[in-house]
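Just below is one structure, and these are the notes that go with it.
The values are calculated or read from the model by the stated rules, or taken from the named source; none is laboratory data. Because the structure is predicted, anything quoted here is derived from the model rather than measured. Heads up, the Cβs are rebuilt from the backbone with ideal geometry, glycines too, and the neighbour counts pull from every protein chain shown. Surface areas here come from the heavy atoms of the whole protein model, side chains and all, with no ligands, DNA or RNA. Shrake-Rupley method; radii C 1.70, N 1.55, O 1.52, S 1.80 Å.
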Amino acid sequence: MNPSVIDHIGVAVKSIDSALGFWEGVMGLKCHGIEEVAEQKVKTAFLPLKDTEVELLEPTQPDSPVAKFMEKSGEGIHHLAIRVPDVAAALEELKAKGIRLIDEKPRKGAGGALIAFIHPKATGGILLEICQR
Ligand code: CMX
């Protein structure tokens, strides 16, 4: 697997514009672009912080996974993303260990990364993303 760093922490928000008031206006982070990931029905904003980033996630549709998450848990930390050198190889390793996956194959995430999600039931309650840049 060879995990290296926490690539980003995903934070579910109702509105990226409002959330930036805090993350930029108060915390002094800088948003490096807003991108829509149509397949996931979310708009994302990345705010780099040294070797890692905060990713704000705003749902674009009521049936978005992030909208469903907020219905249940409200705004807050949604997922943790750990960087690996090879997502496909990491998925094979996880499959061989019988770990419950959400994505069986790598797919394209925001910022051109290759990503895959591991089910929270397999990780002790955290939605975990592995991410290759
Ligand atoms: N963190 C921790 N637990 C979570 C969770 C999250 N973000 N989202 C759901 N869960 C838990 C639920 O609380 C629920 O637990 P219980 O059974 O104990 O109540 C369980 O997982 C099942 O959740 P659910 O509400 O029934 O929802 P679904 O099964 O429909 O979907 C999940 C859950 C994780 C499979 C789905 O949200 C998913 O596929 N997520 C991955 C994709 C995603 O989140 N994309 C957005 C980010 C896009 C990006 O960064 O590019």
> Do any residues in the stretch 99-115 that are under 21 Å from residue 52 (Cβ atoms) have Cβ atoms under 6 Å from those of residues that are near the ligand (Cβ under 8 Å from one of its atoms) and assigned to a loop (DSSP other than H, G, I, E, B), where the two are at least six apart or on different chains, and which pairs are they?
Replying inline: 115/109
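Can you say whether residue 71 is of a type in the set (D, E, K, R) and more than 15 Å from the chain's Cα centre (by Cα), as far as the supplied structure shows? Show your work before the answer.
Numbers: of a type in the set (D, E, K, R): yes; more than 15 Å from the chain's Cα centre (by Cα): yes.
So residue 71 fits the description; yes.
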>> Could you check the stretch 26-40 and list, in sequence order, the residues that are open to solvent by 40 Å² or more (accessible area, probe 1.4 Å), touching a helix residue (DSSP H, G or I) at 6+ places or on another chain (Cβ under 7 Å) and β-branched (Val, Ile, Thr)?
In response: 34
> So which residues in the stretch 46-81 are open to solvent by 50 Å² or more (accessible area, probe 1.4 Å) and either acidic (Asp, Glu) or outside any loop (DSSP other than H, G, I, E, B) (or both)?
Replying inline: 49, 51, 63, 65, 68, 69, 71, 72, 73, 75, 77
> Which members of the stretch 38-65 meet the condition of being closer than 16 Å to residue 83 by Cα, of a type in the set (A, V, I, L, M, F, W, C) and either within 9 Å of the ligand (Cβ to nearest atom) or over 14 Å from the mean Cα position of the chain (by Cα) (or both)?
Replying inline: 49
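Scan the stretch 4-25 for residues that are assigned to a helix (DSSP H, G or I) and either surrounded by 14 or more Cβ atoms within 10 Å (Cβ to Cβ) or not hydrophobic (A, V, I, L, M, F, W, C) (or both) and report the count. Break it down stepwise before answering.
Kept after step one, since they are assigned to a helix (DSSP H, G or I), are these residues of the stretch 4-25: 16-23.
In the following step, the residues that additionally are either surrounded by 14 or more Cβ atoms within 10 Å (Cβ to Cβ) or not hydrophobic (A, V, I, L, M, F, W, C) (or both) were identified as 16-21, 23.
So the answer is 7.
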>> Out of the residues in the stretch 83-133 meeting the condition of being open to solvent by less than 70 Å² (accessible area, probe 1.4 Å) and at positive phi, tell me which one is nearest to the ligand (Cβ to nearest atom).
In response: 125
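Take residue 43 and tell me if it is open to solvent by 90 Å² or more (accessible area, probe 1.4 Å), modelled with pLDDT of 95 or more and closer than 21 Å to residue 127 by Cα.
Taking the combined requirement at face value, the residue does not satisfy it.
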>> So residue 68 ticks every box in (1) in contact (Cβ under 8 Å) with a residue 12 or more places away in the chain; (2) near the ligand (Cβ under 9 Å from one of its atoms) but one. Which box is left unticked?
In response: (1)
